[in-house]
1. Stokes-Einstein D for region 57-100 at 37 °C, 0.692 mPa s, Kirkwood Rh over Cα pairs, in µm²/s?
2. In debye, nearest 20: dipole of region 57-107 around its Cα centre with unit charges on the Cβ of K, R (+) and D, E (-)?
Amino acid sequence: FFQVKTESAHSNGQSKPKAASSVLDPQKDKTLLDIFTGVKLYLPPAAADFAKLRRYFVAYDGDLVPEYDAASATHTLAEPGGESDARKVTAGWVWECIRKRRVVPPC
């Protein structure tokens, strides 16, 4: 004779149910904040940690402007050109904004 083993299983094949509270808990929402909305940054390719800065700045809703359009930037890691009104910022400013979850004044 055969002995049949019975376990409660869900349609996804898992035997443990997920707690509904962890799915619906807004504190655990993984959506990134729109910290840099409206900020147009000229980030020169020669900047230290260029790839990492670019990835984080864009992920938090910033707009990068290419070198040929640097005059339209609101912020720059390079020396602002003569016709640019961009505010000079540092890589530290980008990280500080992310840490504080808002745009902070450039130092």
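Taken together, the values in this text are just the output of simple stated rules run on the coordinates, not laboratory data. All of these numbers come straight from a predicted model, not from anything done at the bench. Using ideal geometry, Cβ is built from the backbone for each residue, glycine included, and neighbour counts are taken over all protein chains shown.
1. Rounded to a whole number, D works out at 295 µm²/s.
2. For region 57-107, the charge dipole is close to 480 debye.
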